[in-house]
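The values are calculated or read from the model by the stated rules, or taken from the named source; none is laboratory data. For clarity, every value in this text was computed on a predicted model and none was experimentally measured. Here the Cβ is made from the backbone with ideal geometry for all residues, glycine too, and neighbour counts use every protein chain on show.
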Amino acid sequence: MSEQLATRLCNELTKLTLIDPHTHINPHAPASKTLADIMGYHYYTELAHSSGMPKSRIEEPGLDPKTKVERLVESLVHLDNTIQVSWLVELCQKFFGFDDDRITLENWESLYDRSAAKMSEPDWEDQCLKQSGIERIFLTNDFDDPLTGFDTHRYVPCLRTDDLVFHFTNPAVRERLTRATGIEPTSTTAIRQAIGKLFDHFTQSGARACAISLPPSFSPVAPGSPAELDSQFRSAFLEADSPSAGLGANFIFWTITEFCAEYKLPFDLMIGVNRRVYPSGVFQGQDLFDQRVSLIQYKSLLNAFPQVTFPISVLAQASNQELVSYSWIFPNVVTNAHWWYSNIPAYIELDTKARLQAVPRNKQIGYYSDMYKLEFGWPKFSMYRKCLARVLASDFVVGRGWSEEQALDFGRQVLRGNVETIFGV
Amino acid sequence: MSEQLATRLCNELTKLTLIDPHTHINPHAPASKTLADIMGYHYYTELAHSSGMPKSRIEEPGLDPKTKVERLVESLVHLDNTIQVSWLVELCQKFFGFDDDRITLENWESLYDRSAAKMSEPDWEDQCLKQSGIERIFLTNDFDDPLTGFDTHRYVPCLRTDDLVFHFTNPAVRERLTRATGIEPTSTTAIRQAIGKLFDHFTQSGARACAISLPPSFSPVAPGSPAELDSQFRSAFLEADSPSAGLGANFIFWTITEFCAEYKLPFDLMIGVNRRVYPSGVFQGQDLFDQRVSLIQYKSLLNAFPQVTFPISVLAQASNQELVSYSWIFPNVVTNAHWWYSNIPAYIELDTKARLQAVPRNKQIGYYSDMYKLEFGWPKFSMYRKCLARVLASDFVVGRGWSEEQALDFGRQVLRGNVETIFGV
Amino acid sequence: MSEQLATRLCNELTKLTLIDPHTHINPHAPASKTLADIMGYHYYTELAHSSGMPKSRIEEPGLDPKTKVERLVESLVHLDNTIQVSWLVELCQKFFGFDDDRITLENWESLYDRSAAKMSEPDWEDQCLKQSGIERIFLTNDFDDPLTGFDTHRYVPCLRTDDLVFHFTNPAVRERLTRATGIEPTSTTAIRQAIGKLFDHFTQSGARACAISLPPSFSPVAPGSPAELDSQFRSAFLEADSPSAGLGANFIFWTITEFCAEYKLPFDLMIGVNRRVYPSGVFQGQDLFDQRVSLIQYKSLLNAFPQVTFPISVLAQASNQELVSYSWIFPNVVTNAHWWYSNIPAYIELDTKARLQAVPRNKQIGYYSDMYKLEFGWPKFSMYRKCLARVLASDFVVGRGWSEEQALDFGRQVLRGNVETIFGV
């Protein structure tokens, strides 16, 4: 009964065309060309490595796409249980006419060829988006991205600020900033001017958000006076290992937030990642986390910027209750999707239950795909819709006597409506 | 099947008359007079504010009750998903003949008038309690409450000690203590004597518990010698920002616990709240928490006072497993209900499962309402009963083959029986 | 439907004969002789004590077995809800023809006598294992165990290293090491040689794993040079309260891990226990935990020993997501069962969902019994199988369209196959 109800709700929600509010799509090459692009997603390389395949076999220099796929397929026998591999199988079924339930050493090659043919069709990008029910896609652009040569209506720019905040001591980053803005960041004033130029450029190109991922130890506070910071400029901004390096990162983060206020951009905070915990891991398969983190670390920030909306993603599932509670109290905190290690149905369903039950309905962004290639929009949103439909069915229709239409309205708001109102698209 | 079974169990449990072991009821004005009293509950004002309404519109000085309700009703369109608003709708349906499923700008006014008429009936307090199935209610009294002018059988006094422990450095608190006891608290001996007088007064008035809410950082230990503390009396007891202020708070807390032992009062510990995290929030809508807290912080206390029962409530859902485990090991630890940010069905159900499966059945207090006005007893206990019934159905009747009567006996013990044995009522 | 499906899967999984990869069985007395051996399990004594029985009644010196059981049965009226007491009832039903659903003061004595008769049969050990569907059992041997006088094929030795790492400052431990190896551990070189002898001995006797339980504060790092450590040998290795004691523990732990690499033994890490939190508790009923722990504390270790497999158990349920995520990234991390305070269905089911959805299927050890007496293998694995079958039914057969046979294959791999491949048995 409740299972059928959930399926019915899910089918209705699938008819809604979506805006994907956070991805890593390259707008100059948004879709895949071969299965190697698809299976090169870090989920498959890192899981293959974790299950026993040496990194050297996966990342062998000069490996041709087809051999790479063959090697990764070898590992799938250990990985078919994972939800990540279910995304792969589902997208192959959806887009490439694959009709087995496992990709194996027996059937991969015909799939490879058939999918390559499909992806080589000139309108594959459009076909894929249409079939996926997605019409607009937020990017995550480097701060020095020229933002030219693509349709910024379809691919909405978003200013990613990790490099500025956490790698400013790296001379290459400062050079990129100078090149992008014409300003040498040799004082707090110059840094502020340069960042202002970036905001000018990004908002003129249609940017709708600023974003950053943050380590569990980060806890921003109002910075000291510019004069004070300038007096220790070298140790605060130029030396990675200096004890004052945190002051520089804090100043840049705070300054970016000030510009978010000025330019009315929401600031996506993605809280909790420790980078390079496993430095011998495959590309993008090295980061993990420490569950000992609290949103109380953002108390100063949230109070100082009531006019900035902070869509917050948390990496540790243990943080979800804080996210729910801070969103229920702070007008400027919004729950933002299910990120990375929390992006599996077991946690999505628990977290969705709490959010739907306790956060104002206009403050919940249900989901983003976080994808690098367009083909993943479909299976990832599909996974989320199933979880969402189950919670709507059990907790609202069955549990609270809502009509199916009331539940669907709520589902649609969480899936799309709030993306429109919160990011102003 | 299991859904019908849960409903059947819930209906049976609803027949049981309850004792509510923790509320903030004012016994001189226990029931509401208008919908403004009901919707003035911080859950509605803080959620309205969080969803976008300026604090100034909600807390405008001199606002008449009807206009206040109209304004809050405006926000309900963003809040109807929350379990807190479901309490509101359910109590209006139960008590005021409301038969819509949403309170809107179209229907609120007639509800306002009809409910005001009902609440103006001279026996409304009795009617409300009777319909709610609640016969006795624990209060949370200020330490200087005279405890006169109300029926202490129906409204059981309980000594709230937050002010003494955490605001003793505030001269107004010390003056209140002097006024209440005739003792000037100018030494550790005098403080102890004054607190002893409070215990005399409270227990003579029928108090059945002592209570306190505690920040995540608190970790009580046996205090140093009185002489030592007296030698630094000023910094420990009189200066809020002194580095020794924690010594004073610790001494007073420990002394209170000693009196709980002497007077055989259970000491309700409500662990984990950070006050004024969002100081610009509405009244009572400013507190949040830090999930990084552990019951290991109470190791010294729990070992030092085996003769004191500690009903423990935790604010962070992450603390529930510790609460279950500490209750399973320590004879003097009892699980106490589902508090505040953990008081939503998603968390109640998870937490109830673990408690029912692993804590001795005589050591679980299922629920308290924490209410400020009597009308909330019904919908809050109703929410809990549904969760409890679902867990009894799935984990005990279906999962372990218990008879329905065995499951109901367990449910009744958790709902009422343990309140009687633990608090001696 | 899904309930019947889960039952069907569970019945099939029950046909599989198991290897139990972690127990505290004494191979010289593996089975119980009376119900006092069974009810002497710390779960029953600690829960009886927690529910109100004085320790002195439970641990009275010279108490005869039958009186001890009678006393513990008195407490069961408060404990029949606990999953631990359900193990007791189920094993009595399975092995001793008990056909009531509660053990009471009315029926315990005939059960006692009937079970004693059964357990006195000369082949009770074999009968019990056969009925339980378990054929091999890992032990947890003291480092100075001679490992003689028992069938090491059935009872697989495992080197427990807690004493070496955490009690080396205790002279009795060092004397045991000298006696076992003929080496006086008076320098880092001698310690290393002695530990090497233990590994020789254990692996020659068929040991398949090394194991240790670790406090939440532990965070191993590569030790300093031997010369450096030798220069502060006294404070690092001989003085329990010295500030350098951690250096000694760290050195021994790291050295043991080096030998795990050399001897190709998996190293079971059981992370998170605080010992003697309630020192007045009954025997083995004194330990608890602090949920504030992270696997990031093991970053150095996991990176330094890619060739060592670490089956990791976590005590705090809050740690499960980290365990899932670290297993998904690190090739040498394997999820290991559901330990102690996390070993209740409420948490097993949540944790199993996340593991089955996100960890490579060849890296999950589903369960170990952790038992002290053989009779507990049946009910504990039975509890786990029910949880596992429910997750396979809901998340894989219903949720992802797997065939029942595919789900059962996965279940069998998690229950047994991975024990074989990971420990090489």
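Of note:
- Residue match in region C:361-368 (condition: under 24 Å from C:Val156 (Cβ atoms), buried (at least 22 other Cβ atoms within 10 Å of the Cβ), away from every other protein chain (no Cβ under 13 Å) and touching a strand residue (DSSP E or B) at 6+ places or on another chain (Cβ under 8 Å)): yes
- Filter result for the condition that a residue is in a helix (DSSP H, G or I) and surrounded by 24 or more Cβ atoms within 10 Å (Cβ to Cβ), over C:Gly411, C:Gly399: C:Gly411
- Flag if C:Asn362 is farther than 30 Å from C:Tyr41 by Cα, free of Cβ contacts under 8 Å to residues at least 12 places away in the same chain and not β-branched (Val, Ile, Thr): no
- First in region A:233-251 and closer than 17 Å to A:Val221 by Cβ, second anywhere and charged (D, E, K, R), Cβ under 7 Å, 6 or more apart: A:Ala245/A:Glu239
- The number of residues in region C:117-143 that are farther than 28 Å from C:Arg385 by Cα and in contact (Cβ under 8 Å) with a residue 40 or more places away in the chain comes to 2.
- Residues satisfying the stated conditions in region A:344-359, i.e. closer than 13 Å to A:Met383 by Cβ and more than 7 Å from every other protein chain (Cβ to nearest Cβ): A:Ile348, A:Glu349, A:Thr352
- Some residue of region C:350-367 being among the hydroxyl-bearing types (Ser, Thr, Tyr), in a loop (DSSP other than H, G, I, E, B) and within 23 Å of C:Tyr298 (Cα to Cα): yes
- Residue in region C:369-379 that is nearest to the other protein chains (Cβ to nearest Cβ), counting only those that are in contact with a strand residue (DSSP E or B) (Cβ under 9 Å, 6 or more places away or on another chain) and in a helix (DSSP H, G or I): C:Trp378
- Unique residue being out of contact with any Asp or Glu (no Cβ under 7 Å at 6 or more places or on another chain) and loosely packed, with under 14 Cβ neighbours inside 10 Å when the list is C:His153, C:His78: C:His153
- Sole residue being surrounded by fewer than 21 Cβ atoms within 10 Å (Cβ to Cβ) and either modelled with pLDDT of 95 or more or not polar (S, T, N, Q) (or both), chosen from A:Ala172, A:Ala207: A:Ala172
Residue by residue, here is whether (1) under 14 Å from B:Leu301 (Cα atoms); (2) loosely packed, with under 15 Cβ neighbours inside 10 Å holds:
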residue	(1), (2)
B:Ala222	yes, yes
B:Ser225	no, yes
B:Ile256	yes, no
B:Lys264	no, yes
B:Ser280	no, yes
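- Selection status of B:Glu46, of a type in the set (Asp, Glu) and surrounded by 23 or more Cβ atoms within 10 Å (Cβ to Cβ): yes
- Any hit, region B:100-115, residues being among the acidic types (Asp, Glu), assigned to a loop (DSSP other than H, G, I, E, B) and away from chain A (no Cβ under 14 Å): yes
- Flag for A:Pro54 being crowded, with 16+ Cβ neighbours inside 10 Å and either modelled with pLDDT under 95 or not assigned by TED's automatic domain parsing to the domain that holds A:Ser213 (or both): no
- None of A:Leu159, A:Leu139, A:Leu147, A:Leu198 is under 22 Å from the mean Cα position of the chain (by Cα) and at positive phi except A:Leu147.
- Residues located in region C:18-56, provided they are more than 30 Å from C:Glu420 (Cα to Cα) and aliphatic (A, V, I, L, M): C:Leu35, C:Ala36, C:Met39, C:Leu47, C:Ala48, C:Met53
- Residue match in region A:205-213 (condition: part of a helix (DSSP H, G or I) and in the same structural domain as A:Val293 (by TED's automatic domain parsing)): no
- The one condition from (1) modelled with pLDDT under 95; (2) among the aliphatic types (A, V, I, L, M); (3) more than 28 Å from A:Gln291 (Cβ to Cβ) that A:Leu198 does not meet is (1).
- Qualifying residue in region C:362-379 (condition: of a type outside the set (Ser, Thr, Tyr), at pLDDT 95 or above and over 16 Å from the mean Cα position of the chain (by Cα)): yes
- Check on B:Asp145, part of a loop (DSSP other than H, G, I, E, B) and surrounded by 18 or more Cβ atoms within 10 Å (Cβ to Cβ): yes
- Every pair of residues 6+ apart whose Cβ atoms lie under 8 Å, when the first sits in region B:42-60 and is in contact (Cβ under 8 Å) with a residue 12 or more places away in the chain and charged (D, E, K, R) while the second is assigned to a loop (DSSP other than H, G, I, E, B) and buried (at least 16 other Cβ atoms within 10 Å of the Cβ): B:Glu46/B:Gly281; B:Glu46/B:Val282; B:Glu46/B:Gly285; B:Lys55/B:Gly281; B:Lys55/B:Val282; B:Glu59/B:Val282
- Criterion applied to B:Thr17, B:Thr7 was being in contact with a strand residue (DSSP E or B) (Cβ under 9 Å, 6 or more places away or on another chain) and polar (S, T, N, Q), and the one residue passing it is B:Thr17.
- Of the residues making up region C:116-135, those that are under 21 Å from the mean Cα position of the chain (by Cα) and crowded, with 20+ Cβ neighbours inside 10 Å are C:Cys128, C:Leu129, C:Ser132, C:Ile134.
- Residue satisfying condition, being surrounded by 24 or more Cβ atoms within 10 Å (Cβ to Cβ), closer than 27 Å to C:Phe253 by Cα, in contact with a Lys or Arg (Cβ under 6 Å, 6 or more places away or on another chain) and among the small types (Gly, Ala, Ser), within set C:Ser342, C:Ser327: C:Ser327
- Among the strands (runs of 3 or more DSSP E) confined to region B:238-339, the ones with at least 2 residues that are within 14 Å of chain C (Cβ to nearest Cβ) and under 27 Å from B:His201 (Cβ atoms) are located at B:310-314.
- In region A:384-405, residue nearest to A:Ile365 (Cα to Cα) [restricted to those that are free of Cβ contacts under 8 Å to residues at least 60 places away in the same chain, more than 8 Å from chain B (Cβ to nearest Cβ) and of a type outside the set (A, V, I, L, M, F, W, C)]: A:Tyr384
- Per this entry, B:Thr104 is not counted among residues that are closer than 30 Å to B:Arg176 by Cα and polar (S, T, N, Q).
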